[in-house]
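All of the numbers you see were taken from the coordinates with simple rules; none came from a lab. Computed from a predicted model, the values in this text were never measured in an experiment. All Cβ positions, even for glycine, are placed from backbone atoms using ideal geometry, and neighbour counts span all protein chains on display.
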2 protein chains.
Amino acid sequence: MRTVFPTKELRDEAVEKYHATEGGKQTFGNLATYVADLAEETSDTPSPDRAARVRVHSFSVSIDGFGVGEGQRLETPFGHAGTRLLEWALPTRTFQEMGFHDEQEASNGVDEAFASRWNTGIGAEIMGRNKFAPKLGPWPNEEWRGWWGDNPPFHTPVIVLTHHPRPPLEMEGGTSFHFLDAGPAEALEKARELAKGRDIRIGGGASTIRQFLQADLIDEMHIVVVPIVLGRGERLWDGLEELEQRFRIESVTSPSGVIHMTFWRRG
Amino acid sequence: MRTVFPTKELRDEAVEKYHATEGGKQTFGNLATYVADLAEETSDTPSPDRAARVRVHSFSVSIDGFGVGEGQRLETPFGHAGTRLLEWALPTRTFQEMGFHDEQEASNGVDEAFASRWNTGIGAEIMGRNKFAPKLGPWPNEEWRGWWGDNPPFHTPVIVLTHHPRPPLEMEGGTSFHFLDAGPAEALEKARELAKGRDIRIGGGASTIRQFLQADLIDEMHIVVVPIVLGRGERLWDGLEELEQRFRIESVTSPSGVIHMTFWRRG
């Protein structure tokens, strides 16, 4: 008899954990759970066949190319843009499960298809100081622990780029913040260590992504174009003339009104 | 018996012109021709029920929002952008019929569906001086008659905005160029006279469209986002913060890679 288990140890583990020897419907249920767990584990396990990728996910810009508005402060983390660049994402299952929005039924269409990819296979994030905290400059104190509460949604190490390093922060749920005064290449080297072979996400904001693009360090990018004209703030596309030479680009529209653009490095 | 003809005169004309009284298949063929002619005539005839609209068609911008590149000259009318902003349009039936591109079979999909709308119901165009001629400033002589040869594709009066007026030009095929030193509102008033109740097209370039948008004089707009980063040139979206408050916006992608965005004034 052929077995679905490659080794006796794995079969024994499956029998132990999922009662794989039981008969009838219950077995299929347990088996489904096993396969689902296996699939999740696989997708989060680095593949020995490829190098870790550097990825951008769900980064929103206005049609005039601004990734954030003007006047970012504690009360207005996105400046005068408010939540307008994020509104496509809030109803998605992925964002609702992160606790962003509880009032309505989660959406599960094309917006969710793109949103759901953000954390799969990711071993570390790199973010700009401005994404972590509302004010640039020296830390007034070290009480600020990010916008995301005690258990941030990242669940991996996160490198925060800052000219004012401070001791790392261990949060609940596997997230840790590491403060680094470094350029893109050096930050990426550190992130690769922390990610243990998994992919690296460049988490934004606009200037951080732009710096990594200018240094040609990004492999895959998901940009969401929101049909609003912000007029002022921080531009994503400046200084990136002929970026399209390095990437294949596909676009798809969503019933929510936004356009999902995917960029991936030309082979 | 009910008749499809509202008056006896129209019925007699149809009988005369399309042999509408013949029997069998041929009648349907003739009737189809009649209906098609009627539809075309109707679409080009101003409707007494609505005011003439001010429209923009097939205006292309890069993802960083430039409508033309830097360095526009006689040899490079689109500056360093070359033909990259136009490449989606060249294979369409509409552009091929304008004589832009003869080498391949005309495309007839979504790009053509949008391209084909540009001239229907239009009675006049307004364009910037920079679209008409390669150099800004006083006319070195009056020999320049536009980029389009003796029979330009407009077939209507065209107002050319310039600080250096010159006598009008009558071209073949119904196109005439009228040189006017005026702001958007005054130019539009003049265009309405020339258009005799038909719609007005704002033909570009970027700064001309932007001025009309800033003066809130545009009713409908078709913008094509081309997935290239131009980096420099003339931006369309500057100074138009919250433009989306005035328009409904829809986007659709094309297999050619571009995104067609349509804007129409909120009711």
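Could you grab the relative contact order for segment A:50-265? Cα pairs under 8 Å, six or more apart, rounded to a whole percent.
30
For segment A:60-132, which trypsin sites (Lys or Arg not before Pro) pass both filters: DSSP loop (anything but H, G, I, E, B) and at most 15 other C-beta atoms within 10 Å?
On the way: sites: A:ARG73, A:ARG84, A:ARG93, A:ARG117, A:ARG129, A:LYS131; in loops: A:ARG73, A:ARG84, A:ARG117.
Sites meeting the loop and neighbour criteria: A:ARG73.
Suppose you put the label 7 Å out from Cα in the Cβ direction; list, shortest first and in nm with one decimal, how far A:GLU70 is from each other copy's label.
2.3
Whose amide H sits under 5 Å from the amide H of A:PHE179, counting only residues 5 or more places off or on another chain, with H placed in the peptide plane?
A:VAL160, A:ARG166
Defining the label point at 7 Å along Cα→Cβ, can you sort the distances from B:ASP150 to the same site in each other copy, shortest first, in nm?
Values, ascending and in nm: 8.5.
7 Å from Cα along Cα→Cβ at both B:TRP147 and A:LYS135: what's the point-to-point distance in nm?
With each label point 7 Å from Cα toward Cβ, the separation is 5.2 nm.
Enumerate the amide H contacts of B:ARG201 below 5 Å, restricted to partners 5 or more residues apart or on another chain; note that Pro and chain-start residues carry no placed amide H.
Answer set, sorted by chain and number: B:ARG55, B:GLY123, B:ALA124, B:GLU125, B:ILE126.
Assuming a ≥ b ≥ c are the square roots of the Cα gyration tensor eigenvalues, decide whether segment B:72-138 counts as rounded (a/c under 1.5), prolate (otherwise, with a/b larger than b/c) or oblate.
oblate
Per residue of segment B:250-259, what does 6.51 cos²θ - 1.76 cosθ + 1.60 with θ = phi - 60° give for ³J(HN,Hα)? Whole Hz please, x for Gly and Pro, Karplus curve as stated.
So the J values, rounded to whole Hz, are 10, 10, 8, 8, 10, x, 6, x, 8, 10.
With θ set to phi - 60° and the Karplus curve 6.51 cos²θ - 1.76 cosθ + 1.60, what are the ³J(HN,Hα) couplings of segment B:116-125 in order, to the nearest whole Hz, using x for Gly and Pro?
For segment B:116-125, the Karplus curve yields 5, 7, 4, 10, 5, x, 8, x, 6, 10 Hz.
Amide H to amide H under 5 Å from B:SER60: which residues, 5+ apart in sequence or cross-chain, H placed 1.01 Å off N in plane?
Amide H to amide H, under 5 Å and 5 or more residues apart or across chains, B:SER60 pairs with B:VAL224.
Going by how many other Cβ atoms sit within 10 Å of their own, how do A:HIS155, B:HIS57 line up, fewest first?
A:HIS155, B:HIS57
Using the Karplus curve 6.51 cos²θ - 1.76 cosθ + 1.60 with θ = phi - 60°, work out ³J(HN,Hα) for each residue of segment A:181-196 in order, rounded to whole Hz, and write x for Gly and Pro.
Karplus-based 3J(HN,Hα) across segment A:181-196 equals 9, 7, x, x, 5, 5, 4, 5, 4, 5, 5, 4, 4, 5, 7, 6 Hz.
Which value in Å is the Kirkwood Rh of segment A:135-235 over different Cα pairs?
Its Kirkwood hydrodynamic radius stands at 15.3 Å.
Suppose every K and R has +1 on its Cβ and every D and E has -1 on its Cβ; what is the size of the dipole of segment A:106-194 about the Cα centre, in Debye to the nearest 20? Please list the in-between numbers first.
Numbers: 8 positive and 12 negative charges, 43 e Å.
Using only the charged Cβ atoms, the result is roughly 200 debye.
For A:ARG53, which inter-copy label distances result when the label point lies 7 Å beyond Cα on the Cα-to-Cβ vector, reported in nm to one decimal and in ascending order?
Once sorted, the set of distances for A:ARG53 reads 4.1 nm.
Report the label-to-label distance for A:GLU105 and B:THR83 in nanometres (one decimal), using points 7 Å from each Cα along the Cα→Cβ vector.
That separation, rounded to one decimal, is 5.1 nm.
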